[in-house]
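K.L.:
Quick one: structure below, then a few questions.
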Amino acid sequence: PRTILQWNVGSYRDISQESLSLFRLLEPQIEILVLGTGDRVERLHPIMLKQMRECGIAVEVQDTPNACATFNFLTSEKRMVAAGLIPP
């Protein structure tokens, strides 16, 4: 729950099934992944989001400042959450 990992993603265009596989490997398993896509909310391919849902992980895509706030809120509620954050 209190781990920081390097996520090799420089922009939202780098988010792929391969880069998201990191979050499917976490133990204990997360229930929500909050993605911060920089200054703006960027759309991700629906197939990537669907595959994450099929693994039992809901994905919330937001701009990075709001993603940080959402992550902190969910963590304060003791939810199993991870964040993938791209600096704005």
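K.L.:
Starting from the range 15-32, take each residue that is among the small types (Gly, Ala, Ser) and list its partners that are part of a helix (DSSP H, G or I) and open to solvent by less than 20 Å² (accessible area, probe 1.4 Å), counting only C-beta distances under 9 angstrom and pairs at least six apart or across chains.
P.N.:
That search, which allows pairs on different chains as well, returns nothing.
K.L.:
Sticking with this structure for a sec: Pick out the one residue from 26, 85, 35 that is modelled with pLDDT under 95 and within 13 Å of the chain's Cα centre (by Cα). Walk me through it before giving the result.
P.N.:
Numbers: 85 fails: modelled with pLDDT under 95; 35 fails: modelled with pLDDT under 95.
Of 26, 85, 35, the one residue that is modelled with pLDDT under 95 and within 13 Å of the chain's Cα centre (by Cα) is 26.
The values are calculated or read from the model by the stated rules, or taken from the named source; none is laboratory data. No experiment lies behind these values; they were computed from the predicted model shown. When we count neighbours, we look across all protein chains shown, and the Cβ atoms used for this are built from the backbone with ideal geometry, even at glycine. Heads up: the accessible areas ignore ligands, DNA and RNA and are worked out on the full protein's heavy atoms, side chains in. Shrake-Rupley method; radii C 1.70, N 1.55, O 1.52, S 1.80 Å.
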